[in-house]
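Trainee: After the structure tokens below, expect a handful of questions from me.
The values are calculated or read from the model by the stated rules, or taken from the named source; none is laboratory data. As the structure is a prediction and not an experimental result, all values here were calculated from the model. In this analysis, Cβ positions are derived from the backbone assuming ideal geometry, glycine residues included, and neighbour counts consider all displayed protein chains. SASA here: full protein model, heavy atoms, side chains in, ligands and nucleic acids out. Shrake-Rupley method; radii C 1.70, N 1.55, O 1.52, S 1.80 Å.
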Amino acid sequence: THIKEAMPRPGPAEEEALLAFWRKTVRRGDIVAFCGSAPEGASRETLRRLFALARRARPRAIVADSSGPLLEAAAGAGLDGLKGNAAEIGGWLGLRGPLDVKRPAHRRALMRALGRRGAPRAVLITLGAAGAVYAERGLLLRARPPAGSAARMGKARHQSATGCGDAATAGWLWALRDGCPPEEVLRRAVACGTAKLASPDPGNLQARHVWALLRATK
């Protein structure tokens, strides 16, 4: 379910104010995450400049977890990472449906895209209950939630999937902070995304559940 505010298209003055604020916000060594979608009617040039300004500040890493025009702008902005679900990444790749890494043609399309100028260094594709895929040029990894996930979280039950994608992004940021290799990036993303199922609150992620799942995620 997507719930979006009804709002007027941002005007040039508002977009310039955002860019001015952004210039003062991002600092060298930061880990920057662009999450969500851009307001309808936002200038593509403003979106491009948001990423360019972030790169200019020389942060430690920049990732985008988005959809629509913001995802399209992020995909050519030379970021460290791009995240989306199978449908969103399939749209970026120009496929007729969601990305399916079991299909050789889809894998080739993904690797071609990662070789383009300005492409993200890595892509994380969330697959719901099927886990997630992590891709770099010449590297494709997949992880599934461990069997018996609910039991590993003690008395917790699977209550809501809302926010699982955001939790997976949190796992990726956690791995970036710690300088983890790709395998650990994927394990942390899947463990965090799965642990979110234990709460009906979209923003509630319990560390004890994450650690229980992380030990069993392959």
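Trainee: Arrange the residues Phe21, Phe34, Phe51 by how much accessible surface each exposes, largest first, with a 1.4 angstrom probe.
Mentor: Result of the area sort, largest leading: Phe21, Phe34, Phe51.
Trainee: Right, another one. Report in % the part of the accessible area of the chain that belongs to carbon and sulfur, leaving out ligands and nucleic acids; probe 1.4 Å.
Mentor: Answer for the chain is 52 percent, counting heavy atoms of protein chains only.
Trainee: Show the residues, 5+ positions off or on another chain, whose built amide H is closer than 5 Å to the amide H of Asn85.
Mentor: Placed amide hydrogens put Thr126 under 5 Å from Asn85.
Trainee: Excluding ligands, DNA and RNA, what is the solvent-accessible area per residue of the chain at a probe of 1.4 Å, expressed in Å²?
Mentor: Value returned for the chain: 55 Å² of accessible area per residue.
Trainee: With a/c under 1.5 counting as rounded, go ahead and sort the range 1-95 into rounded, prolate or oblate using the C-alpha gyration tensor (a ≥ b ≥ c being the square roots of the eigenvalues; past the cut-off, prolate if a/b is larger than b/c, else oblate).
Mentor: It is oblate, given that a/c is not under 1.5 and a/b is not larger than b/c.
Trainee: Continuing with the same structure: Solvent-accessible area of Trp92, probe 1.4 Å, all protein chains present, reported in Å² to the nearest ten, please.
Mentor: That residue has around 40 Å² of solvent-accessible surface.
Trainee: Beta carbons within 10 angstrom, averaged per residue: use that to sort the peptides 198-204, 121-127, highest first.
Mentor: 121-127, 198-204
Trainee: With a 1.4 Å probe and all protein chains kept in place, how much accessible area does Arg116 have, in Å² rounded to the nearest 10?
Mentor: 120 Å²
Trainee: Among the trypsin sites (Lys or Arg not before Pro) in the range 24-62, which ones are in a DSSP loop with at most 15 other Cβ atoms within 10 Å of the Cβ? Mind listing them?
Mentor: Listed in order of number, the matching sites are Arg27, Arg28, Arg60.
Trainee: Right, something else. Between Leu140 and Leu93, what is the spin-label point distance in nm, taking each point 7 Å from the Cα along the Cα→C-beta axis?
Mentor: Computed distance between label sites Leu140 and Leu93 equals 0.7 nm.
Trainee: Also: In the set (1) 18.9, 68; (2) 17.6, 53; (3) 18.3, 65, which value of Rg and Dmax of the Cα atoms in Å was calculated from the structure you see?
Mentor: (2)
Trainee: Related question: For the chain, what is the charge dipole size about the Cα centre, in debye to the nearest 20, if Lys and Arg each add +1 at the Cβ and Asp and Glu each add -1 at the Cβ?
Mentor: The calculation lands at about 820 debye.
Trainee: Antiparallel versus total DSSP beta bridges in the chain: what percent is that, nearest 5?
Mentor: In the chain, DSSP labels about 40 percent of beta bridges as antiparallel.
Trainee: Over all directions, the average projected area of the alpha-carbon convex hull for the range 54-129 comes to how many nm²?
Mentor: Directional mean of the projected Cα hull area for the range 54-129 stands at 5.3 nm².
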